[in-house]
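Data block below; observations after.
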Amino acid sequence: MAKHRGRGVATINYPIGMNLGGDPSQALVHSNPTGKFTVTLSSIDLGQGMKSVTRQICAETLGVPVEDVFVDTADSDTGPHCMGSFASRGTHRVGNAVMMAAREARAVMMEAAAEELEVDPADLETDGRGAIHVKGAPHRSIAVRDVAIAAQFRQGRTIAGRGIFLVPLSDVDAETGEMTPATCYAHACFIVEVEVDDETGDVAVLKMTSAYELGRALNPKLVEQQLVGGSWMGMSHALYETPEPYYPDTREGPRDFNEYLMPGPGDICPHDVAVLERPASDGPFGAKGLGEMCANPVLPAVANAIFNAVGVRVNELPITPEKVLRALKARGGAVPARAR
Amino acid sequence: MKTPVQFRLNGEDVAAFAESGANLLDVLREVVGDLSVKGGCWQGSCGACTVLIDGAPRLSCLTLAESIAGRSIETAAGLRRGAELHPLQIAFMERFAAQCGYCTSGMLMAAKALLDRNPSPTREDVVEALGGNICRCTGYEPIIQAVLDAASGDRRRRA
């Protein structure tokens, strides 16, 4: 009886959003009486940072400080259409819609500023700090707040914009069945080292090493948070979570949350994360999505690591100690890779 | 039948009528109105409802409300002093130690109990103190780092 170490690898090519055309989201942007801006969405922020990222995208597109943008979301009574927060689509789909809406609002803002400064809108630029000035002549400047006031009280303009992102439906080639199911893909490689106890069937996770290609990381701290946390959600799927962990009969199964296993603080291990930024051509500021992708490769990598360690293939998830022991019994004991 | 219960909550005297047999979690949320306490499983599995009772971390879902008469309860709502956040709250923000935030109240209180009795914990101490608290989003590492940060920040301030 012994503990055997093994290493498993998995790579992933992950389509962002739902496939086959459609998957739209809308955004509205308008200026407020205080000269700041509100983005209105219906997209839910579950804590992954949708509000932070759409706020950044809107501020960057408008050319105003991020502090001057508010995001009002998650109320389908007041927000525009959204498909929802899933399929790693938030930053890509909703971000694109916000960008389109902010561009339209920015155009009106620049026209209103041009009227106040008596210049052509094309000669103006934003300074990103709350003012608009003539290119090359920063002293010929007007505060965004004053532009908003002029638009409201003198010019009769609404500084507002509408945005939608809709993936066009891809035609299917009648001969080959070939089509373009998605427009944007993210990628990852995930390596995990495990130790399998051939007496108990227990699998301990020793180390994770991963690399993610996710377009542009619009908010690197949020990206890191998703990647580190998401890998443990994947690990939880791979090794822990099931409503029926016990054999031989479902009558022995869990009755409640007490027996639904998830990893705790004592189960985690070091995780080296590398992020590669290759801007996506159709992403907002080059961003793709990473939400689900950080959990998915963990499962096959763990299965591969167990095979590497003891020579058994467990094809059902989660890979509980019982399943490992049954597989070891069928195989006639552990056969580490070096012995095969 | 309802039973009157008096206790201290975050330093203030509280009197409430608790349904006989009610748990502290439900009384804090529904009778007293302290929504900083979160209910995850109502059976002692997840740690989300952790509060301090006379300084010790306890699962409020498994605590009979009538049993806390005369005792002192601390919840996440009492961590900040006016506008000043508790060092743990600052460290949790700086380490991005929350995503959905549902476990955060319980994590903060479990961590506070640790730091109150051991201002210089090791990583193993922190892992053990948080061992009864489940988090779905973060993978725990940011939370562990935040608690260690808060502890070392406290040491710096005292030095």
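The values are calculated or read from the model by the stated rules, or taken from the named source; none is laboratory data. Here the structure is a predicted model, which means the values were calculated and not measured. Here Cβ is always computed from backbone atoms with ideal geometry, including for glycine, and neighbour counts include all displayed protein chains. All accessible areas refer to the heavy atoms of the entire protein, side chains included, with ligands and DNA or RNA removed. Shrake-Rupley method; radii C 1.70, N 1.55, O 1.52, S 1.80 Å.
For this structure, a couple of remarks:
- The C-beta contact set for segment A:38-49 (first residue more than 8 Å from every other protein chain (Cβ to nearest Cβ) and over 14 Å from B:ALA97 (Cα atoms), second residue in a loop (DSSP other than H, G, I, E, B) and among the β-branched types (Val, Ile, Thr), distance under 6 angstrom, 6+ apart or interchain) comprises A:LEU41/A:THR73; A:SER43/A:THR73.
- Pairing each residue of segment A:262-284 that is part of a loop (DSSP other than H, G, I, E, B) with any residue that is surrounded by fewer than 16 Cβ atoms within 10 Å (Cβ to Cβ), provided the two are 6+ apart or on different chains, yields C-beta distances under 8 Å for A:GLY264/B:GLY131; A:CYS269/A:LEU206; A:CYS269/A:LYS207; A:PRO270/A:LYS207.
- Test for B:SER60: is it among the small types (Gly, Ala, Ser) and farther than 30 Å from A:TYR260 by Cβ: no
Table: residues versus (1) within 20 Å of the chain's Cα centre (by Cα); (2) modelled with pLDDT of 95 or more; (3) not assigned by TED's automatic domain parsing to the domain that holds A:ARG7.
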residue	(1), (2), (3)
A:ASP198	no, yes, no
A:ALA204	no, yes, no
A:GLY215	yes, yes, no
A:TYR247	no, no, no
A:PHE257	no, no, no
A:PRO270	no, yes, no
A:VAL273	yes, yes, no
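- Subset of segment B:45-91 (residues that are open to solvent by 20 Å² or more (accessible area, probe 1.4 Å), within 15 Å of B:LEU9 (Cβ to Cβ) and of a type in the set (A, V, I, L, M)): B:ALA69, B:ALA77
- Subset of segment B:65-118 that is over 12 Å from the mean Cα position of the chain (by Cα) and polar (S, T, N, Q) - its residue that is farthest from A:LEU227 (Cα to Cα): B:SER67
- B:LEU108 being under 30 Å from A:GLU292 (Cβ atoms), hydrophobic (A, V, I, L, M, F, W, C), in contact with a His (Cβ under 8 Å, 6 or more places away or on another chain) and open to solvent by less than 20 Å² (accessible area, probe 1.4 Å): yes
- Residue that is nearest to B:LEU130 (Cα to Cα) [pool: residues in segment B:1-49 that are of a type in the set (A, V, I, L, M) and assigned to a helix (DSSP H, G or I)]: B:LEU25
- Residue among B:ASP13, B:ASP34, B:ASP54 that alone is without any contact (Cβ under 8 Å) to a residue 12 or more places away in the chain and outside the structural domain of B:ASP116 (by TED's automatic domain parsing): B:ASP13
- Residue ID - farthest from the other protein chains (Cβ to nearest Cβ), chosen from residues in segment A:222-237 that are under 24 Å from A:PRO321 (Cα atoms), open to solvent by 10 Å² or more (accessible area, probe 1.4 Å) and out of contact with any Leu (no Cβ under 8 Å at 6 or more places or on another chain): A:MET233
- For A:LYS207, the conditions (1) touching a residue at least 24 places away in the same chain (Cβ under 8 Å); (2) over 15 Å from A:GLN48 (Cβ atoms); (3) more than 14 Å from chain B (Cβ to nearest Cβ) all hold with the exception of (3).
- Those residues of segment B:29-47 which are within 14 Å of chain A (Cβ to nearest Cβ) and of a type outside the set (A, V, I, L, M, F, W, C), in sequence order: B:LYS38, B:GLY39, B:GLY40, B:GLN43, B:GLY44, B:SER45, B:GLY47
- In segment B:63-159, counting only helices (runs of 4 or more DSSP H) that sit wholly within it, the ones holding 2 or more residues that are within 9 Å of chain A (Cβ to nearest Cβ) and either out of contact with any strand residue (DSSP E or B) (no Cβ under 7 Å at 6 or more places or on another chain) or among the charged types (D, E, K, R) (or both) span B:123-129, B:141-158.
- Test: residue in segment A:148-161 that is open to solvent by 60 Å² or more (accessible area, probe 1.4 Å), touching a His at 6+ places or on another chain (Cβ under 9 Å), of a type in the set (Val, Ile, Thr) and assigned by TED's automatic domain parsing to the domain that holds A:GLN56: yes
- Verdict on B:THR50 being away from every other protein chain (no Cβ under 11 Å) and of a type in the set (Ser, Thr, Tyr): yes
- Matching entry among B:ASP13, B:ASP54, B:ASP26 (being touching a strand residue (DSSP E or B) at 6+ places or on another chain (Cβ under 6 Å) and charged (D, E, K, R)): B:ASP54
- Residue within segment A:262-275 that is of a type in the set (Gly, Ala, Ser), within 14 Å of another protein chain (Cβ to nearest Cβ) and surrounded by fewer than 15 Cβ atoms within 10 Å (Cβ to Cβ) present: yes
- Residues being modelled with pLDDT of 95 or more and crowded, with 17+ Cβ neighbours inside 10 Å - total across segment A:52-78: 15
- Taking residues in segment A:213-229 that are among the basic types (Lys, Arg), and partners anywhere that are in a helix (DSSP H, G or I) and open to solvent by 20 Å² or more (accessible area, probe 1.4 Å), the pairs with Cβ atoms closer than 7 Å and at least 6 places apart or on different chains are A:ARG216/A:PHE285.
- Number of the exception - B:ASN133 against (1) more than 14 Å from the chain's Cα centre (by Cα); (2) open to solvent by less than 20 Å² (accessible area, probe 1.4 Å): (1)
- Among the residues of segment A:278-290, just one is among the small types (Gly, Ala, Ser) and open to solvent by 30 Å² or more (accessible area, probe 1.4 Å), namely A:SER281.
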